[in-house]
Amino acid sequence: MTSKKILFLFAVVLSFAFVFFSYLVAKEAFTQFDFDTTVKIQDHLSRKVDLPFSLISVFGSAEVTGSLWLVMVILFLIKRYWLTAASLFLFPFGLFLEVFGKVFVHHPGPPFLFYRGVLDFNFPSHYVHTEYSYPSGHTYRLGFLLSLIIVYFLFRTNFYIRVITIPILLFFVLSVVVSRIYLGEHWTTDVIGGLLLGSSFGIISGITIPFKGKVQDGIS
């Protein structure tokens, strides 16, 4: 079985995991877990990280990630990766699923007493609120884009570049995940759901990238 088929199966597993996990969230199976995790994270981290985490969280905003998505579409078109450029439109489809979840999955976000954001400036998307908080848009968008970038590095770069860049990208994702919980923007289940959805779609988009030295031919 080729690496692309393995990644595709992994993405399918993540997609089913998202659906099942969403069902459990809707049934309020993790209410106490969410509360306890937020309390523990805020208790164990110093208030000195309020500003760094607030800044890190900005990178997951709709404006920043949307701009990065548009740049990637243009770059893949320039490189004539037609299938990959087309597959990037899974990104807005996932955004639709994210908004759908926030409207219909009964999962209120953390109360204001948990909020620790300190930035005076926010992008317009910060002021757009839905009734519920599942899944996290920040982790969905970053999960999609960074999964795609990681797959790109796997297919198009040498071992040494992968060893350096992939751990950095994974650490950045982890930082954003923790920041969303610590800042009181989302529950743990919100960010997990966003990661499952974003990573599954990002990997599916990524496997359309041709291996180094080959023309694009879809999944091989």
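The single condition among (1) at pLDDT below 95; (2) farther than 23 Å from Y182 by Cβ that N122 does not satisfy is (2).
So which residues in the range 146-179 are buried (at least 24 other Cβ atoms within 10 Å of the Cβ), within 24 Å of F16 (Cα to Cα) and not hydrophobic (A, V, I, L, M, F, W, C), if there are any at all? Result: S147, single match.
Conditions (1) out of contact with any Ser or Thr (no Cβ under 7 Å at 6 or more places or on another chain); (2) more than 18 Å from I209 (Cα to Cα); (3) modelled with pLDDT of 95 or more, marked per residue:
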site: L9; (1), (2), (3): yes, no, yes
site: F20; (1), (2), (3): yes, yes, yes
site: L24; (1), (2), (3): yes, yes, yes
site: I56; (1), (2), (3): no, yes, no
site: V71; (1), (2), (3): yes, no, yes
site: G101; (1), (2), (3): no, yes, no
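Looking across the range 105-121, just one residue is assigned to a helix (DSSP H, G or I) and surrounded by 13 or more Cβ atoms within 10 Å (Cβ to Cβ), and that is F114.
Across the range 131-189, the qualifying residues are those that are part of a loop (DSSP other than H, G, I, E, B) and either small (G, A, S) or within 11 Å of the chain's Cα centre (by Cα) (or both), and the one among them that is nearest to L97 (Cα to Cα) is P135. Is the range 139-157 home to any residue that is modelled with pLDDT under 95, hydroxyl-bearing (S, T, Y) and more than 24 Å from L88 (Cα to Cα)? No, because not a single residue in the range 139-157 is modelled with pLDDT under 95, hydroxyl-bearing (S, T, Y) and more than 24 Å from L88 (Cα to Cα). T65 meets all of the listed conditions (1) under 19 Å from L196 (Cα atoms); (2) not in a helix (DSSP H, G or I) but one, namely (2). Against the definition (of a type outside the set (D, E, K, R), in contact with a helix residue (DSSP H, G or I) (Cβ under 6 Å, 6 or more places away or on another chain) and either modelled with pLDDT of 95 or more or within 30 Å of Y152 (Cβ to Cβ) (or both)), how does I41 come out, yes or no? Spelling it out, I41 is indeed of a type outside the set (D, E, K, R), in contact with a helix residue (DSSP H, G or I) (Cβ under 6 Å, 6 or more places away or on another chain) and either modelled with pLDDT of 95 or more or within 30 Å of Y152 (Cβ to Cβ) (or both). Summed over the range 30-83, the residues that are over 20 Å from G117 (Cα atoms) and surrounded by 13 or more Cβ atoms within 10 Å (Cβ to Cβ) give a count of 12.
The values are calculated or read from the model by the stated rules, or taken from the named source; none is laboratory data. Because the structure is a prediction, the values reported are computed rather than measured. Cβ sites come from the backbone with ideal geometry, for glycine too, and all protein chains shown count toward neighbours.
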